[in-house]
Amino acid sequence: MATKSKAKKSKAASRKASARTVKTKSRAVKAKTRAVAAKRRNGNAVAAKRKNGNGLPPPSRKPWGAAGKALEGVRVLDFTHVQSGPTCTQLLAWFGADVIKVERPGSGDITRTQLRDIPGVDSLYFTMLNHNKRSITIDTKHPQGKRVLEALIKVSDVLVENFAPGVLDRMGLTWEYIHKLNPRMIVASVKGFGPGPYEDCKVYENIAQCTGGAASTTGFRDGPPLVTGAQIGDSGTGLHLALGIVAALYQRQRTGRGQRVLCAMQDGVLNLCRVKLRDQQRLKHGPLKEYSQYGEGIPFGDTVPRAGNDSGGGQPGWILKCKGWETDPNAYIYFIAQAPVWGAICDVIGEPGWKTDPEYATPEARLPKLRKIFDRIEQWTMTKTKFEAMEILNKYDIPCGPILSMKELAEDESLRKTGTIVEVDHPTRGKYLTVGNPIKLSDSITEVKRSPLLGEHTDEILKNVLGFKAHEIAEIKASGALGAPQEAGQKNAA
Ligand code: CAO
């Protein structure tokens, strides 16, 4: 009995086992079919993506400039002040980001009152660096101020700051804390120096020019180091930062998380002085023949010298006097003795013999006598105004450019047409000129809007961006964390 029942049991077991095998097989078949279908679907999706340009929507049919702005939908919490940071956030605002400038109640960005030309009115320093932004006043150290700030951090994409090192941390806004509040937040900073011996130092424009290699290479050999009028430390670093932010926004599309973006002003200036570091390394292999000191027989030391007005590239150039130079400080032209148009240069200045004279015919032969050549060219440019010289030289494709004064630039019609020089109306200042967006996008056209008055948008932001109820706004205001917003038309204290 026991053996029979054992046999029965084992038969039943083997039936069960084969049923299981069939089930497993059919599951495997189903899984395989599903995998094949998924692969096909995936393949189709990839193909469709490719066809659409990597998953992009079909090309908009809206007229150019009517499809929204490049950075529409991006909200920037702007903690910047003075010049470097505001340059960056102004660019982002011009590209369509909603830039909310957080300012200290009562005073705001220090530049509102610096270099004032009209008593009681926001300075041009401020207005020209803060277009297209909204202003909210918050005492970031007040508990109710922190409440508003944290709410803003949660609904923003980018935080930009250029405080002195450690300030943001002292406000309680460490990277770790911000990242915890909003893991998608990009935190972008301008500092004077990157990590290293000077990382805790405060820095202004000219310090960056001096520590980034610009001052030691600017000016004349027999004079002191010079700073340049171009704000390469402030505005230059702001530009670098804006690019870093846009790249981080693009990467966030894939990773879903924010990151830190740091631009040190020293690094930004050095990046713009790249060609001088090039020359530093060339020095090991002999004199820098395109520097006029070579032609003057003055030996080179172990560091890149100041090159006066020598061209920074491989084609020699110099600033030459034009008609009227005795009374007009800007009656000069920059002239490049470009090798391919040497023949035309010789004809224009009345030295046709130099075209074939072995002493002048080749760039190598000319290098040791650049001073003499430019003196001769100057004899010609002094007979023409800078604009006449420009017109004649351009006919022969000879690279040159008049030295334009700020007055001439301000009055230049073509710069106004392109939106590079813009006239803006301001409620307390009236009309003033500014430099518009130098970066022109054909489908994201910049409209330059006036800078905000201090705290002008405080209520609007609390209500519409943060969704605070009337009683909450009243409570925060009563705490003194926001100060009193300035009404349009109301003047700042001088
Ligand atoms: N509410 C309350 N406090 C505020 C505030 C607000 N809304 N906004 C700023 N503050 C406080 C800061 O918390 C800081 O206080 P603590 O030092 O007590 O923490 C204080 O204002 C001053 O900030 P700061 O040190 O950045 O300003 P500064 O005028 O002393 O220095 C500058 C200016 C530019 C030298 C410095 O910010 C800096 O080195 N920035 C980095 C480099 C840079 O961008 N330089 C270019 C400037 S343009 O030439």
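Annotation: peptides 383-390, 309-316, ranked by per-residue average of other Cβ atoms within 10 Å with the highest first, follow the order 383-390, 309-316. Across the options LEU367, ALA389, PRO399, the greatest Cα extent toward the positive end of the charge dipole of region 340-419 (unit charges at beta carbon of Lys, Arg, Asp, Glu) belongs to LEU367. Backbone geometry of region 398-412 corresponds, through the Karplus equation with coefficients 6.51, -1.76 and 1.60 at θ = phi - 60°, to 3J(HN,Hα) couplings of 8, x, 7, x, x, 7, 9, 7, 4, 5, 5, 5, 4, 9, 6 Hz, x marking Gly and Pro. Can you find, among CYS273, PHE79, ILE110, the residue sitting farthest towards the positive end of the charge dipole of the chain, where Lys and Arg contribute +1 and Asp and Glu -1 at Cβ? Sorting the options by dipole projection puts first PHE79. Near the amide H of LEU482, within less than 5 Å, lie the amide hydrogens of ASP139, all on another chain or at least 5 residues away, with H placed in the peptide plane.
Anything over 31 Å Cα to Cα? Flag those among LYS384/LYS407; LYS323/LYS431; LYS384/LYS449; LYS276/LYS417, in the order listed. In this structure, LYS323/LYS431; LYS384/LYS449; LYS276/LYS417 exceed 31 Å between Cα atoms.
For a test of the definition: using alpha carbon positions, the gyration tensor, and the 1.5 limit on a/c, classify region 399-460 as rounded, prolate or oblate. Note, shape of region 399-460 comes out oblate.
Determine Rg/Rh for region 223-362; Rg is computed over alpha-carbon atoms and Rh is the Kirkwood hydrodynamic estimate from the same atoms.
On the Cα set of region 223-362, Rg over Rh gives 1.11.
Taking only alpha carbon atoms, region 350-445 gives an Rg to Rh ratio of 1.19, where Rh is the Kirkwood radius. Take each peptide in 98-106, 431-439, 403-411, 159-167, count the other Cβ atoms within 10 Å of every residue, and average; sorted highest first, the result is 98-106, 159-167, 431-439, 403-411. Pairs of alpha carbons in the chain separated by more than 33 Å make up 57% of all such pairs. Taking Cα centre as origin and charging only the Cβ of basic (Lys, Arg, +1) and acidic (Asp, Glu, -1) residues, the dipole magnitude of the chain rounds to 6580 debye.
Proximity of backbone amide H atoms, modeled 1.01 Å from N, is registered between ALA264 and LYS191 at under 5 Å, excluding neighbours fewer than 5 places apart on the same chain. Relative to its residue count, region 70-220 spans a Cα convex hull of 135 Å³ per residue.
Here, each number is a calculation from the coordinates, and none is a lab measurement. Given the structure is predicted, the values throughout are model-derived calculations rather than measurements. Note that each Cβ is placed from the backbone with ideal geometry, even for glycine, and that neighbours are counted across all protein chains shown.
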